[in-house]
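Read the figures in this text as sums done on the coordinates, not as results from a lab. As the structure is a prediction and not an experimental result, all values here were calculated from the model. Cβ coordinates were reconstructed from backbone atoms using ideal geometry, including for glycine residues, and neighbour counts include every protein chain displayed.
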Amino acid sequence: MKKVFQDPSRIRMALPNKGRLREPAITLLTRAGYVFRAKDRSLYATCANDQITFIFVRTEDIPVLVGSGVIDLGITGEDLVEEREAVVRTVLPLGFGRCRLCVAVDEGSAYHSPADLSGKVIATSFPKIAAAFFRKHGAEVRLVEMNGSVEVMTGLGLAEGIVDLVETGDSLKDNGLRILSEIGSYQTSLIAHPGKADDPRIARVRRRVEGILIAEKYSLLEYNIPREKLGDAEKITPGYSSPTISDLEDRAWVAVKVMVEKNRVAAVCDSLEAIGARAILETAIQNCRL
């Protein structure tokens, strides 16, 4: 194992060993073309088609490992990078694992601002971020660091408020809590040690992953349009650089192939149909390089 980790020909990439980020991270890398076996309880996996060793560790430890240079790059939450004060470079925001870090209090409490919590006990898994936030608002609070179900602390009478991650807010409601203030919004990112961030191998990882993320945002739209309406069609679907246009056997018509943002496809189809487009087809994009 030691030889695998210290092989200079391979880059070391940390992935979450469990939790909500593990499966999305593995799925993303698999779609990007990396072949490896991520078994439960495995400490590492060797990529079969590239010079990468994937190392499975706690998500919260990844910023420290990457920042110290023990690991070259990794996938983790931006909230953990900030909390750990890790000196890393964000190579690519990944867009999943989105959440907010919020101050929450009992639904029926009289607290209306962070300053109202001065002198109170606040439970959190993010003591550094929380401390900086309350200092900014002139509130001196007593922070109790804990992991796990922070939401129960107010119900047990052990804290007057909490600072915790919020995705949908359902867990807060279930525990009789309401959001008092939002500290920040975060997502999952690909991070690298500053000294390794410009390594061509890491740049290749970034481009591969970026190709998958772009593909998730776009569809390929194909349609036929009267040649005389082509200018109007190009205004509706300008494409990334420009649309691909092909002549049809009927010279009065042309075929257009263009990338369109997925959330615009329905409206674009309506607009194209209105100016005379026919045979409008949407095709999913599996991978993409722009």
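Here the label points at Lys128 and Glu107, each 7 Å from Cα along the C-beta direction, are separated by 3.6 nm in the simple model.
Around Val105, under 14 Å between beta carbons, what's the net of Lys plus Arg minus Asp minus Glu among the other residues? Here the charged neighbours net out to -4.
What is the diffusion coefficient of the range 58-146 in µm²/s, taking the Kirkwood radius over Cα pairs and the Stokes-Einstein relation at 25 °C with a viscosity of 0.890 mPa s? Calculated translational D: 166 µm²/s.
Once C-alpha pairs closer than 8 Å and six or more residues apart are averaged by separation and normalised to the residue number of the chain, the relative contact order reads 18 percent. Residues in the range 47-91 near a label at Asp198, defined as backbone nitrogen under 17 Å from the 7 Å Cα→Cβ point? Label zone hits: 88-91. Note on the chain: Kirkwood hydrodynamic radius from all Cα pairs is 22.3 Å, rounded to one decimal. Computed about its Cα centre, the charge dipole of the chain is approximately 1180 debye, with only Lys, Arg, Asp and Glu carrying charge at their Cβ.
Please report, ordered by residue number, every helix of the chain (full DSSP H runs) that is 24 Å or longer along its axis going by C-alpha atoms and whose mean Kyte-Doolittle hydropathy reaches -0.5. Write down the numbers at each step before the final one.
Details: long enough: 200-217 (26 Å, -0.34).
Long hydrophobic helices here: 200-217.
Ellipsoid semi-axes for the range 173-212, based on the Cα gyration tensor and the rule √(5λ), read 37, 13, 7 Å when sorted largest first. Using only alpha carbons, the range 99-185 has a radius of gyration to Kirkwood radius ratio (Rg to Rh) of 0.91.
One decimal place: the segment Arg142-Val87 gains 17.1 nm when fully extended, by the rule 0.36 nm per residue minus the C-alpha distance. Between Val265 and Gln6, the FRET efficiency estimated from the beta carbon spacing at R0 = 35 angstrom works out to 0.10. Dipole of the range 218-284 computed with +1 at Lys/Arg Cβ and -1 at Asp/Glu Cβ about the Cα centre; of Ser246, Ile280, Gly231, farthest Cα towards the positive end is Gly231.
Spin-label model, Val152/Thr168: points 7 Å from Cα along the beta carbon direction are separated by 2.1 nm. Between the range 214-274 and the range 98-141, the alpha-carbon centres lie 51 Å apart. The fewest-to-most ranking of Glu160, Glu282 by surrounding Cβ atoms within 10 Å reads Glu282, Glu160. Taking every alpha-carbon pair under 8 Å whose residues sit at least 6 apart, the range 218-284 reaches a relative contact order of 51 percent.
Pairs of Cα atoms under 8 Å, at least six residues apart: use those to get the relative contact order of the range 131-290, whole percent.
Values: 161 pairs, mean separation 36.7, N = 160.
For the range 131-290, the relative contact order is 23 percent.
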